[in-house]
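The next block holds one structure in the form of structure tokens; read it before the comments.
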Amino acid sequence: MAKAKVKKRLTQDQEFQIMKLVLDKFLWLGFVVLGYAVFLGAINDDWGPAIAWGISGIVILVLFMMLIVREYEILA
């Protein structure tokens, strides 16, 4: 006979720690993209690509903020 697999449940603290690890990567990615935008703006006279990269970084950070607020409201 096959044994039924028992699923382990995470505590709220464990879920929060995992969420922090995952969302921290979004934060780093957003700041790296913004840093690249500043770098492009500093070395080029053409601001078009720098602005596009900057907007992309801002979008990533806003998505990060929305995920944090949504998860915090659920956990709180």
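The values are calculated or read from the model by the stated rules, or taken from the named source; none is laboratory data. Everything numeric in this text was worked out from a predicted model, so none of it was measured. So basically every Cβ, Gly included, is an ideal-geometry build from the backbone, and we count neighbours across all protein chains shown. Just the protein is used for accessible areas: all its heavy atoms, side chains included, with ligands, DNA and RNA removed. Shrake-Rupley method; radii C 1.70, N 1.55, O 1.52, S 1.80 Å.
Identify, by number, the condition in (1) part of a helix (DSSP H, G or I); (2) at pLDDT 80 or above that Asp45 doesn't meet.
Failing condition for Asp45: (1).
Just wondering, is there one or more residues in region 12-24 that are of a type in the set (Phe, Trp, Tyr), open to solvent by less than 90 Å² (accessible area, probe 1.4 Å) and closer than 19 Å to Met65 by Cβ?
So the first thing to find is which residues in region 12-24 are of a type in the set (Phe, Trp, Tyr), and the list is 16.
Then drop every residue that is not open to solvent by less than 90 Å² (accessible area, probe 1.4 Å), which leaves 16.
Narrowing further to those that are closer than 19 Å to Met65 by Cβ: 16.
The answer is yes, given that some residue of region 12-24 is of a type in the set (Phe, Trp, Tyr), open to solvent by less than 90 Å² (accessible area, probe 1.4 Å) and closer than 19 Å to Met65 by Cβ.
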